[in-house]
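Data block below; observations after.
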Amino acid sequence: MLSKGLDDYFIGVYNAYKFIARFFRQAFQGPFEFREIVRQCYEVGYKSLPLITLTGFVIGMVFTKQSRPSLIAFGATSWLPSLIAIATIRALAPLVTGLITSGKVGSHIGAEIGSMKVTEQIDAMEVSATNPFRFLVVTRVIATTFMIPVLAMYCGFVGMMGSFLNIYQNEKTSFSTFIAEAFKQITFLDIGASLIKATAFGFTIGIVGTYKGYHATQGTQGVGKAANAAVVLSMFLIFVEELVIVQVSNWFRN
Amino acid sequence: MQEKELKKEQGPPVISIQGLYKSFGELDVLRGVDLEINKGENVVVLGRSGSGKSVLIKIISGLLKPDKGSVNVLGKEVDTLNEKDLRALRMKIGFSFQSSALYDSMNVRENLEFPLVRTVKGLGRKEIDQRVEETLDAVGLLDKLDQMPSDLSGGQRKRIGIARTLMLKPEIMLYDEPTAGLDPITCIEINNLINEVQTRYNASGIVITHDLSCAKVTGDRVAMLLDGKFTRQGTFEEVFNTDDAQIKAFYNYNFIE
């Protein structure tokens, strides 16, 4: 039993490795599916905007509200903008965007490709002399890899605006002072590390969603499993990547 | 129901299968299959559910790999081809799926265009539109051009599925259960379409079916797949003129019950 479990695990890892290697081989050689990439960017980016806007705004506002009492105790409410900026830009914006989109986009990709797999649409593409991997996998992974960093930056901006509204309401700080204070503590390394994190999250969401969908079996039950596994696995990997990238960026910072 | 008139002249073999074996785990599905299909000939493969009929055409199209044996299609050994050569071969093979397998996020036009724009270089918009309209007209569904697959009936989906395979003007057509789940009138329409494809494109074909009416109307030759092997091959009359209990049961189920 244990041996079979280990076999399955290592076969799974090897298959995932082959899938990722195939992605890199095909991503850089033509012909390119530009139209489909643009359509996927629209699906991943534009259609996630309402959810990211709401989440980012609420997080910025609530985080400010919850941090204020601790700073009041030290008479340091003027630190609020920089505290919020550090938390939002360094950690919250990419992490929250990654988690939200792994739920929304990852499950959608897993279910869509999974249902195409179990209804033989992928086989139909294959036998009609086309390349379903390039059309379905490469386009979606490119779209998530480029769009999640954009969404993360947008989430950071909206979060800061939520925070500003709360600070303005309570401390009457002007917008220009808020921005000046906020960016005092933010370095190029913070923004760079955030972008790298969001890019890694985007790639993870795309590759996990497409991999789970592409290997879906057992009919409609398999589609549900693919969607679910896409979310669970990409969330787990996002947390692992967050830990690793934070450690690495801290080495650079020190 | 009229039995199909035998074509007097048939060309050289386009598909040649010898000693083909395929298993899934413990289950031996194909156990030494031999089959030859000549140019311009439609062969109907009959057999019980799970007898490996669909597996056979999936191996011919390179979707599955055989465990043992030789599968030669248009002079190429399918399981030895690399990705590029297999794709080139597939341009000459049309595969009509049992479920039609239409791309449900695309409308009918985009479904038909999909293989064409990705495999034939240098086609202009006008030529693509013309080819799509010609092919849709050939299957009698020109008015469905901008509809989504979900808006079509089962028979229409089958015909659009066949139309999509015709976009590349294949030399070989593989039909997986083309009349399954359709009403008798639509079955007749699909049977006629299969014969028309054979005549118009001079395409050879393998028709996988349980439906003996379809077999009688579309097959130049019938091959009976039982216990992983072709036990009988010949014209419809030759195959069913037997005392073999399994084959008789197959015939009686279709025409008596």
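Please treat every number below as a calculation from the coordinates, not as lab data. Quantities reported herein were computed from a predicted structural model and do not represent experimental measurements. Cβ atoms come from the backbone with ideal geometry, glycine included; neighbour counts cover every protein chain shown.
In segment B:152-257, counting only strands (runs of 3 or more DSSP E) that sit wholly within it, none holds 3 or more residues that are of a type in the set (F, W, Y). Return yes or no: is B:I185 without any contact (Cβ under 8 Å) to a residue 12 or more places away in the chain and among the aliphatic types (A, V, I, L, M)? Yes: the conditions hold for B:I185.
Annotation: of all residues in segment A:147-195 being in contact (Cβ under 8 Å) with a residue 12 or more places away in the chain and of a type in the set (D, E, K, R), the one that is farthest from A:I86 (Cα to Cα) is A:E171.
Check segment A:192-202 and report whether any residue there is exposed (fewer than 13 other Cβ atoms within 10 Å of the Cβ) and either hydroxyl-bearing (S, T, Y) or in a helix (DSSP H, G or I) (or both). The answer is yes, given that some residue of segment A:192-202 is exposed (fewer than 13 other Cβ atoms within 10 Å of the Cβ) and either hydroxyl-bearing (S, T, Y) or in a helix (DSSP H, G or I) (or both). B:I206 fulfils the conditions (1) β-branched (V, I, T); (2) within 19 Å of B:V45 (Cα to Cα); (3) surrounded by fewer than 22 Cβ atoms within 10 Å (Cβ to Cβ) except for a single criterion, (3). If you go through segment B:117-139 and keep only what is surrounded by fewer than 21 Cβ atoms within 10 Å (Cβ to Cβ), touching a residue at least 40 places away in the same chain (Cβ under 8 Å) and more than 9 Å from every other protein chain (Cβ to nearest Cβ), you end up with B:V120, B:A138.
Inspect all residues belonging to segment B:176-183 and state whether any of them is among the charged types (D, E, K, R), closer than 29 Å to B:I60 by Cβ and within 14 Å of chain A (Cβ to nearest Cβ).
We begin by selecting, within segment B:176-183, every residue among the charged types (D, E, K, R); these are B:176-177, B:183.
Filter once more, keeping what is closer than 29 Å to B:I60 by Cβ: B:176-177.
Restricting the remaining residues to those that are within 14 Å of chain A (Cβ to nearest Cβ) gives B:176-177.
Yes, some residue in segment B:176-183 is among the charged types (D, E, K, R), closer than 29 Å to B:I60 by Cβ and within 14 Å of chain A (Cβ to nearest Cβ).
Looking across segment B:58-73 at every residue that is without any contact (Cβ under 8 Å) to a residue 60 or more places away in the chain and assigned to a helix (DSSP H, G or I), the one that is farthest from the chain's Cα centre (by Cα) is identified as B:I59. Has segment B:49-57 got at least one residue that is out of contact with any Cys (no Cβ under 7 Å at 6 or more places or on another chain), loosely packed, with under 15 Cβ neighbours inside 10 Å and either without any contact (Cβ under 8 Å) to a residue 12 or more places away in the chain or away from chain A (no Cβ under 14 Å) (or both)? Yes, the conditions are met somewhere in segment B:49-57.
Of the residues A:V138, A:V96, A:V150, the single one that is in a helix (DSSP H, G or I) and within 14 Å of chain B (Cβ to nearest Cβ) is A:V138.
Selection of segment B:177-192 for residues being touching a helix residue (DSSP H, G or I) at 6+ places or on another chain (Cβ under 7 Å) and either crowded, with 22+ Cβ neighbours inside 10 Å or among the β-branched types (V, I, T) (or both) yields B:P178, B:T179, B:T186, B:I190, B:N191. Of A:R90, A:R68, all but one fail to be within 30 Å of A:N170 (Cα to Cα) and either touching a helix residue (DSSP H, G or I) at 6+ places or on another chain (Cβ under 6 Å) or within 14 Å of another protein chain (Cβ to nearest Cβ) (or both); the exception is A:R90.
Going through segment B:102-119 one residue at a time, which ones are among the aliphatic types (A, V, I, L, M) and in contact with a Lys or Arg (Cβ under 9 Å, 6 or more places away or on another chain)? B:L102, B:V108, B:L112, B:L116, listed by residue number.
The residues in segment B:8-55 that are in contact with a strand residue (DSSP E or B) (Cβ under 7 Å, 6 or more places away or on another chain), more than 16 Å from B:V222 (Cα to Cα) and in a loop (DSSP other than H, G, I, E, B) can be counted, and the count is 2. Pairs are defined by a Cβ separation below 6 Å, a sequence spacing of at least 6 or placement on different chains, a first member in segment A:106-127 that is among the hydroxyl-bearing types (S, T, Y), and a second member that is buried (at least 21 other Cβ atoms within 10 Å of the Cβ); the pairs so defined are A:S107/A:A227; A:S107/A:A230; A:S107/A:V231; A:S115/A:V223. Look through segment B:75-115, keep the residues that are farther than 30 Å from B:S153 by Cα, part of a helix (DSSP H, G or I) and not acidic (D, E), and return whichever of them is farthest from the other protein chains (Cβ to nearest Cβ). Of everything passing the filter in segment B:75-115, B:T80 is farthest from the other protein chains (Cβ to nearest Cβ). Residues in segment A:26-38 that are assigned to a helix (DSSP H, G or I) and more than 11 Å from chain B (Cβ to nearest Cβ): A:A27, A:F34, A:I37, A:V38. May I ask you to verify whether A:G162 is crowded, with 16+ Cβ neighbours inside 10 Å and under 26 Å from the mean Cα position of the chain (by Cα)? It is true that A:G162 is crowded, with 16+ Cβ neighbours inside 10 Å and under 26 Å from the mean Cα position of the chain (by Cα). Set side by side, the residues A:G106, A:G114 differ, and just one is away from chain B (no Cβ under 14 Å) and either in a helix (DSSP H, G or I) or surrounded by fewer than 22 Cβ atoms within 10 Å (Cβ to Cβ) (or both), which is A:G106.
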